[in-house]
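Single-structure report; data block below.
Throughout, read-outs are computed from the coordinates displayed, never taken from laboratory work. As the structure is a computational prediction, the values presented were derived from the model and not from experiment. Counting neighbours? That spans all protein chains shown, and the Cβs are built from the backbone with ideal geometry, glycine included.
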Amino acid sequence: MSENLYEILKANFPLGEAVPCLILSDGKVITYDDLDREAARFANFLVNRCYVKPGDRVAVQIKKSPYAMFLYLAVLRVGAVYLPMNDAYQRHEIEYFLSDAKPQVFFCIPEKKEVSIEMARNAGVPFIIDIDERGIGGFFELLYKEVDYFKTYESKGDDLAAILYTSGTTGRPKGAMLTHKNLSTNAITLHRYWEFRKGDVLLHMLPIFHVHGLFVANHTALLNGSPILFEPKFDAKRAIELLPKATVFMGVPTYYVRLLLERNFTDEVCKNMRLFISGSAPLLPETFYEFQERTGHTILERYGMTEGGMFSSNPYKGLRKPGTVGFPLPGVSIRIVDNNGKEVGIEEVGYIQVKGENVFKGYWNMPEKTREEFTEDGYFKTGDMGKWDKDGYLSIVGRSKDLIITGGLNVYPKEIEEVIDRIPGVFESAVVGLPHPDFGEAVTAFVVKKNDEDGKNLSEGQIINHLKTTIANFKVPKKVFFLSELPRNTMGKVQKNILREKYSDTFK
Ligand code: AMP
């Protein structure tokens with residue numbers, strides 16, 4: 001039996017019933033039948049025009065649109081490997097991806113066609129095609145010459161379905177190789193765990209070059225044969241308009257913060273909602289509680305990464321604990337170990353390792369790196385640090401590379417950030433280690449003030465004095481900088497590497 005992910009998704013498509021699949025912002029509806037047919041047309045285009053064969057990579061940097069969805073599904077159907085790229089990536093990044101992955105074809109946006117052609121040529125990519133998200137241009141004339149049926153390639157579970165380059169804050173970005181089995185296992189698990197049901201409608205405002213929007217959101221909705229309110233990007237006001245028509249929403253924490261800034265974001269807006277899911281970056285407990293108070297809904301936080309989709313989730317039924325990412329998902333084994341690989345006890349911080357059918361096959365073209373990142377007994381070293389609480393809930397304490405070692409002592413930034421965030425007048429904070437001649441690294445805090453009286457009066461001295469009475473002295477920041485906002489990437493992750501680089505001379 002084919003283990004092609006597309007076939008697994010399609011087995012649940014409500015075909016022949018005119019059920020909406022993608023409902024676009026202009027009201028246009030693409031049914032499940034349309035989706036199947038258009039994905040077939042794109043698949044024929046890939047094979048007939050670009051000579052794409054199973055196993056070939058197809059690189060994509062186009063805007064979020066139904067065409068991007070058709071293309072993704074078409075790549076699966078052909079048995080090729082989907083390589084999506086963040087639309088923020090610049091020339092030197094793209095050039096690296098193209099020369100590393102050697103795709104058969106590169107789909108770009110019309111605005112960047114000239115430079116894309118040059119990059120593709122330098123990297124030896126045979127075909128380069130621009131796709132306009134409005135469905136106009138030469139590509140579509142050729143596309144509609146193709147027929148709208150296609151026999152999906154019979155992939156094996158271990159065949160590659162996608163390569164996603166990780167953001168790689170240090171060293172070269174790494175291409176995580178994900179198989180059909182990796183993706184389908186995780187999709188089926190999440191679909192069940194979050195209890196998708198008849199009548200569900202997903203509001204989709206995430207980008208689709210990343211695991212969250214491309215896999216988690218799309219696959220669960222498609223497996224359910226549900227309509228997707230498919231929006232080009234997140235916009236709080238638009239979300240408020242659409243939420244009454246939805247039952248499930250997935251977002252990064254910033255989306256929730258922005259929704260709460262809107263006065264007309266109320267329980268009434270959320271009255272048809274069944275589930276709000278957050279992930280990709282830590283959700284502040286403050287946001288969790290404020291959301292609960294405003295809407296009556298409890299955000300469900302989960303944890304995962306490019307290299308394996310989702311690993312843990314707060315329960316659908318049962319207590320969702322703020323500041324935690326819940327329990328290991330069924331079929332996923334998670335352990336937390338110390339420097340010697342020994343499992344740590346409850347409330348002890350260590351390195352998170354995971355194992356399961358969802359965990360990726362390795363890094364593209366990097367066998368050495370792949371070997372380093374797996375233990376002998378097959379666990380993947382996530383690079384995250386975490387701890388268990390007494391009830392078995394997992395908390396993420398931060399990335400191991402963000403761990404600060406000051407005067408030989410370990411400091412976990414999250415612990416300090418949590419204390420700072422509770423000081424009146426603080427909106428949010430980020431704590432990093434900066435090079436220091438004496439201590440090796442000096443704990444340094446970056447704080448965004450609230451726009452209120454407390455915020456206006458807040459000073460560095462006040463924060464430091466407060467911390468001195470709350471936490472051990474070696475953990476107290478040597479310096480506090482006030483910023484108007486923290487640098488974040490599109491997935492809402494605070495880019496601590498930017499802070500470290502920009503402020504690296506502070507103590508020199
Ligand atoms: P990415 O591969 O871009 O999805 O990034 C994965 C990383 O995001 C993980 O290794 C974690 O460091 C972080 N992450 C994902 N979900 C959460 C969460 N719920 N809480 C804290 N960190 C998270």
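For the listed peptides 178-185, 157-164, a ranking on the average number of other beta carbons within 10 Å per residue, highest first, reads 178-185, 157-164. In terms of overall dimensions, the C-alpha atoms belonging to region 87-184 reach 43, 36, 24 Å along their principal axes, ordered largest to smallest. Here region 15-29 is scanned for amide nitrogen atoms under 16 Å from the site 7 Å beyond the Cα of Ile240 along Cα-to-Cβ, giving none.
Looking at region 116-224, the chymotrypsin sites (Phe, Trp or Tyr not before Pro) that sit in a DSSP loop and have at most 15 other Cβ atoms within 10 Å of their own Cβ are Tyr144, Tyr149. Of the residues Phe482, Val432, Ala472, the one whose Cα sits farthest toward the positive end of the charge dipole of region 403-502, with +1 on the Cβ of Lys and Arg and -1 on the Cβ of Asp and Glu, is Val432. Note on region 5-191: Cα Rg divided by 2.2 N^0.38 Å, N the number of residues, gives 1.01.
R0 = 45 Å: FRET efficiency of Glu268 with Asp389, Cβ-based, nearest 0.05? With a Förster radius of 45 Å, E is 0.80. Extension gain for Arg172 to Lys233 (0.36 nm times residue separation, less C-alpha to C-alpha distance): 19.2 nm. Computed from the Cα positions only, the extents of region 283-323 along the three principal axes stand at 35, 21, 14 Å, in decreasing order.
For GluC sites (Glu not before Pro), the sites in region 221-289 that DSSP calls loop and that have at most 15 other Cβ atoms within 10 Å are Glu262, Glu268.
Given their separation in residues at 0.36 nm each and the Cα-Cα distance between them, Ser459 and Asp338 gain 39.8 nm when the chain is fully extended.
Here region 262-330 is treated as a sphere whose radius is the Kirkwood value from Cα pairs; by Stokes-Einstein at 37 °C and 0.692 mPa s it diffuses with a coefficient of 257 µm²/s.
Placing pseudo-labels 7 Å out from each Cα toward the beta carbon at Lys198 and Ile346 gives an inter-label distance of 4.3 nm.
Past the 25 Å Cα-Cα mark, which pairs from Lys53/Lys181; Lys10/Lys181; Lys271/Lys317; Lys102/Lys496? Over 25 Å Cα-Cα: Lys102/Lys496.
Just check region 403-502 against the gyration tensor rule for me: Cα atoms, a ≥ b ≥ c as the square roots of the eigenvalues, rounded for a/c under 1.5, and otherwise prolate or oblate depending on whether a/b exceeds b/c. Because a/c hits 1.5 or more and a/b fails to exceed b/c, region 403-502 counts as oblate. Using only side-chain charges placed at the Cβ, +1 for Lys and Arg and -1 for Asp and Glu, the dipole size of region 351-437 relative to its Cα centre rounds to 160 debye. Over region 140-242, the Kirkwood radius and the radius of gyration, each from Cα atoms, give a ratio Rg/Rh of 1.03.
Could you tell me whether region 1-95 comes out rounded, prolate or oblate from its Cα gyration tensor? Rule is a ≥ b ≥ c as square roots of the eigenvalues, rounded for a/c under 1.5, then prolate if a/b exceeds b/c, otherwise oblate. Oblate, because a/c is 1.5 or more while a/b does not exceed b/c. Dimensions of the chain along the principal axes, based on C-alpha atoms and rounded to the nearest Å, stand at 71, 52, 44, largest first. Among Arg121, Arg238, Arg302, the order by Cβ neighbours within 10 angstrom, fewest to most, reads Arg121, Arg238, Arg302. Evaluated with a Cβ-only charge set (Lys, Arg +1; Asp, Glu -1), the chain carries a dipole of roughly 120 debye about its Cα centre, given to the nearest 20.
The distance between label points at Leu142 and Ser99 comes to 2.6 nm (points 7 Å beyond Cα on the Cα→Cβ vector).
With Cα atoms defining each centre, region 415-440 and region 138-216 are spaced 37 Å apart in the structure. Shown is the FRET efficiency for Thr506 and Glu415, computed with R0 = 25 Å from the Cβ-Cβ distance and rounded to the nearest 0.05: 0.70. Computed over the alpha-carbon atoms, region 70-111 gives an Rg to Rh ratio of 0.97, Rh here being the Kirkwood radius from the mean inverse distance.
Across every pair of non-identical alpha carbons in region 195-324, the mean reciprocal distance, once inverted, gives a Kirkwood radius of 14.7 Å. Just going by the charge dipole of region 5-191, with Lys and Arg at +1 and Asp and Glu at -1 on Cβ, which of Leu9, Val147, Val60 is farthest out on the positive end? Farthest along the dipole direction, towards plus: Val60.
Each Lys and Arg Cβ is given +1 and each Asp and Glu Cβ -1; about its Cα centre, region 403-502 then shows a dipole of about 160 debye.
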